[in-house]
Amino acid sequence: MHDTAIAEALRNQESSIDVRGYGITASNVSSVIWSVVNNYPELYYVNSFSYYMLDGTVTSIVPKYAFTEAEIASMNAEIAAEVSKIDRVIDTNGMSDLEIALAYHDYLSADIVYDYSNYLAGTLPDTVYNIYGAFVKKKAVCQGYAEAFLYLM
């Protein structure tokens, strides 16, 4: 329930998120935030956070974004264009949910290159872990593929 509110605040790139009453503590704040980011792949631009506490509970979370608001808007437009292209290519009419999932899986497998050379060299760019890398750069590792698939589903 609170995940949705935190995700919405992050989508809106709020500089501070009021979480009073959410029951977040110093021991679980990290798992709460990263759970939200991992469940909402469109939040690829959240890269860290700090927080404030009062009486043992977290009162506000201060996210740090990897890009400016303008950069995020531009990147989101690029992602939306690629997703729109995918949706035009895949005709899901008359397909079962399983067939739809398989069609998107097969498209992603054919469209995205696993960044194996950078993996071997230890020089993976941050984008291979998220939907921007998968949809726009067309390079990803397992996490990037998984997030792209989750985003489409």
*Those residues of the range 36-55 which are of a type in the set (Phe, Trp, Tyr), open to solvent by 20 Å² or more (accessible area, probe 1.4 Å) and more than 12 Å from residue 26 (Cβ to Cβ), in sequence order*: 40, 44, 49
*Could you please find all residues in the range 10-37 being touching a residue at least 12 places away in the same chain (Cβ under 8 Å) and under 25 Å from residue 73 (Cβ atoms)?*
10, 11, 13, 14, 15, 16, 17, 18, 33, 36, 37
*If you take the residues in the range 109-153 that are in a loop (DSSP other than H, G, I, E, B) and open to solvent by less than 30 Å² (accessible area, probe 1.4 Å), which one is nearest to residue 66 (Cα to Cα)?*
130
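The values are calculated or read from the model by the stated rules, or taken from the named source; none is laboratory data. Remember, predicted model here, so these are calculated numbers, not experimental data. When we count neighbours, we look across all protein chains shown, and the Cβ atoms used for this are built from the backbone with ideal geometry, even at glycine. Surface areas here come from the heavy atoms of the whole protein model, side chains and all, with no ligands, DNA or RNA. Shrake-Rupley method; radii C 1.70, N 1.55, O 1.52, S 1.80 Å.
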